[in-house]
Amino acid sequence: MDSSRRTVGELVRERWGDHRPGLWFEGRDISHHQVAAGAAARAALLAELLPPGAEPHVGVLLDNTPEYPLWLSAAALAGAAVAGINPTRRGPELARDIRHTECRVLVTERTHLPLLDGLELPGVRVLVTDTDAYADLLRSYEGAKPDAGAAGPDSRFLLLFTSGSTGAPKAAICTQGRIAAAGLSLVDHFGVRSDDTHYICMPMFHGNAVIADWAPALAAGARIALRRRFSASGFLPDVRACGAMYFTYVGRAVQYLLATPARPDDRDNPLRTGFGTEAGAVDAAAFEKRFGARLIEGYGSSEGGAAIQRTPGTPAGAIGRAAPSDDLAVIDPATRRECPPAVFADDGRLLNGADAIGELVNRGASPFEGYWRNPDADAARRRGEFPRQGDAGAEEGWYWTGDLFYRDADGFLYFAGRTDDRLRVDSENLAAAMIENILARYEDAAAVAVYAVPDPVAGDQVMATLALKEGARFDPLTFMEFLRTQPDLGTKMAPRFVRIVERMPVTATNKIHRVGLRREGFRCPDPVWWRPPGEPAYRTLPAAEVDGLVARYRAHGREELLAR
C-alpha cells in the first residue's frame, strides 16, 4: 500500500492482537494489544464527550506518561486532533493556547491542575487521568475495539505549537497521512525492527518526540519506553533497564548528558542511534566516543515544509541533501536570489559566510499544511513573488523555513542557525550557530549560547553565555588563548561579552532560551566579562561601567535596542 495514504489510525488498529511488550514506563510493561484496547476505549469516550458540531480537538496537558500515547492513538481512531499543551506556559498564555485550538476536552493529571486555577475555559471538559473518577469513566468503554474508519489521510491529527519567541505560538496542522508517512519513512531510513525499543525522553507536546520517535515505533510495531521528564542522570539507567536502541533529542539534551560524570562502563548499553537537532559535531563525536552510539543530525520542521536527508558521503558538519520531493535553495532575503556555494579553506573554515549564508527555502510543492486559524502566519511562511536565479518571472508560494543554511558545491546543506540568530558585526553577516560550534570546543564549557547584542553605534556585537562544567572556573586568559588558537574563528566572531551562568536557561524542549538572554544582554545578574574596544583582554564588567556603557547607547539614540 502507498505509505502516503496510510493513516495513524490504521497503524494503531494493526497492533490489536499483538501481545508482545509495547509500552514500558517506570519498570512496568503493557502489551501492544493493551495499548490498542486502551486507545479504543478512549476513542469511544471522546466521541461521547465532544459536543455535536464542535471541532474534534482534544488538548493534552500531560508529562510523558502512558496516557499520552494512549490519547494520541485514541485521537487517531476517533478522527480527532491532539493539541499538545506546553506545561511551562502560565495563566492567560496557557488559556489562550487551549481556547485558540478550540479544545472541548482537556486531558491532564493532578500535578498540572494548579496551572488551570483561575483560567477561563468555557465549555472545556477536564479529565484528570490519575483519579478514581477517570478510571470509573473508562470502565464503561472497556469492550471497545479499534476502528480506524472515522479518519482518512487528510484528517487533522496534530496541532503542534511552534515557538512563541516572536509572538503568540502558532499551531501547525499535521494530518494523519503526513504523520504515518513520516513514521514509515523513518522505519526505512533507520532500519527500525519490530523488536526494537524507542526511548522517548523529549516532551511529547513537541513534534520531535511524536514524529521522530513515537511514529516510527508505531509504524514498525516496535516498543516504546517513556521518561516522565528528561533527566540527564536518569538517561543511562533507563536505557539499560528498558533495552532502548534508539532515542531522539533536541536542544541542549546531549550537552547535559555529556556533563554527567563519566564512568568506565558508559559504553555498556544497548543504544545504536540517536536522532535529533542541535547537538553539533563536537558533542556528537564526544557522545559516540563515550556511549558508543552514533548521533545523526537531521532537519525537518514540525510544519513539514522542508526536509533534509543524511545520505552516505555526507561531509562532516553537513546535515545532508534535500529530500527527493523538495526543491531546496539557500536564498538571500534581501536580494531574493540564490546564495553562491560555500567556499572552504583547507582546514574547513567557511571563507564566504557573508555571501553564502541565507534562508533555506523550499521552491517545490511543500507538504506544509498550514496553521490553525492563522492566515497571516500562513502567508508569511508561504510568501510568493520570489524569482529564481536569472528568471524574469516569479514563483508563488515558496516555503520559507526561517532557518539559516549554506550549501557546498555538491549540494550538501549546513545549518547556520535561526534567522533571528543572524548577527551583523562591522557590516559582516555572521551566524550564531557557527560561532557556537567553535566555542563548544572550549574544554571547560558544558553549554554555549551565542547571540547578538546591539552595538552602541551601528549593527551588533557578539555575546556568549557559557555554562561551565562542574568544578570549573572561568579564566579569561585561558579563554583568550583558546580563541586565538581556533583556525576557523573569524576576526569578527570573538565575543565582546561573555556571561557565566551556573545552568543554561532553556525552554521546555531543552532549547536555549535566547529571547531571554538577548533581552537581558550584559545587564544581567550573572558575572559578565568583556573586551572594551581597543583593549586586548577580557575583564569583569562592574555595575559602574554598565551605566557608562548604557550612556553611550543613549548618546547615539540606541538605548531602546538593549531590551529588544
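The values are calculated or read from the model by the stated rules, or taken from the named source; none is laboratory data. All of these numbers come straight from a predicted model, not from anything done at the bench. Note that each Cβ is placed from the backbone with ideal geometry, even for glycine, and that neighbours are counted across all protein chains shown.
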Problem set entry | Residue selected from the range 219-230 under the condition within 27 Å of Trp16 (Cβ to Cβ) and out of contact with any Ser or Thr (no Cβ under 8 Å at 6 or more places or on another chain), by the criterion surrounded by the fewest Cβ atoms within 10 Å (Cβ to Cβ) | Arg227
For this session: Working only within the range 261-282, note down all residues that are part of a loop (DSSP other than H, G, I, E, B), modelled with pLDDT of 90 or more and under 22 Å from the mean Cα position of the chain (by Cα).
Result: Leu271, Arg272
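With the requirement that a residue be within 16 Å of Asn64 (Cα to Cα) and either of a type in the set (A, V, I, L, M) or in a loop (DSSP other than H, G, I, E, B) (or both), what does the range 12-38 give you?
Hits for the range 12-38 are Leu23, Glu26, Gly27, Ile30, Val35.
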Problem set entry | Single condition Ala285 does not satisfy, out of (1) among the aliphatic types (A, V, I, L, M); (2) part of a loop (DSSP other than H, G, I, E, B); (3) modelled with pLDDT of 85 or more | (2)
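When the range 86-118 is examined, which residues are found to be of a type in the set (Gly, Ala, Ser) and part of a helix (DSSP H, G or I)?
Gly91, Ala95, listed by residue number.
Here is a yes/no grid of residues against (1) more than 24 Å from the chain's Cα centre (by Cα); (2) crowded, with 19+ Cβ neighbours inside 10 Å:
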position	(1), (2)
Ala445	no, yes
Ala464	no, yes
Ala467	no, yes
Met480	yes, no
Arg484	yes, no
Pro495	yes, yes
Exercise. Which one of these is β-branched (Val, Ile, Thr), touching a residue at least 12 places away in the same chain (Cβ under 8 Å) and in contact with a helix residue (DSSP H, G or I) (Cβ under 9 Å, 6 or more places away or on another chain): Thr65, Thr101, Thr108?
Worked result: Thr108
Exercise. Looking at this structure, is Arg228 touching an Asp or Glu at 6+ places or on another chain (Cβ under 8 Å), over 18 Å from Ile512 (Cβ atoms), in a helix (DSSP H, G or I) and not assigned by TED's automatic domain parsing to the domain that holds Trp71?
Worked result: no
For this session: Within the range 231-246, work out how many residues are crowded, with 19+ Cβ neighbours inside 10 Å and either in the same structural domain as Asn86 (by TED's automatic domain parsing) or at pLDDT below 95 (or both).
Result: 0
Seminar exercise, completed: When (1) touching a strand residue (DSSP E or B) at 6+ places or on another chain (Cβ under 6 Å); (2) modelled with pLDDT of 95 or more; (3) over 30 Å from Gly17 (Cα atoms) are applied to Ala83, the one that fails is (3)
Seminar exercise, completed: Among residues of the range 151-169 being modelled with pLDDT of 95 or more and among the small types (Gly, Ala, Ser), the residue surrounded by the most Cβ atoms within 10 Å (Cβ to Cβ) is Ala151
Exercise. Of these, Glu369, Glu338, which one is closer than 30 Å to Arg96 by Cβ, in contact (Cβ under 8 Å) with a residue 12 or more places away in the chain and charged (D, E, K, R)?
Worked result: Glu369
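Does Leu121 fit the bill of being part of a loop (DSSP other than H, G, I, E, B), touching a strand residue (DSSP E or B) at 6+ places or on another chain (Cβ under 9 Å), without any contact (Cβ under 8 Å) to a residue 60 or more places away in the chain and farther than 26 Å from Val239 by Cβ?
Yes.
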Exercise. Checking Ala133 against (1) crowded, with 16+ Cβ neighbours inside 10 Å; (2) without any contact (Cβ under 8 Å) to a residue 12 or more places away in the chain, which test does it fail?
Worked result: (1)
Exercise. Hey, Thr478 hits all of (1) modelled with pLDDT under 95; (2) of a type in the set (Ser, Thr, Tyr); (3) over 19 Å from Val425 (Cα atoms) but one; which does it fall short on?
Worked result: (1)
Problem set entry | Selection count, the range 42-53, where residues are surrounded by fewer than 23 Cβ atoms within 10 Å (Cβ to Cβ) and part of a helix (DSSP H, G or I) | 5
Exercise. Can you name the residue in the range 419-435 that is surrounded by fewer than 21 Cβ atoms within 10 Å (Cβ to Cβ) and either acidic (Asp, Glu) or touching a Leu at 6+ places or on another chain (Cβ under 7 Å) (or both) and is also farthest from Pro456 (Cα to Cα) among such residues?
Worked result: Thr419
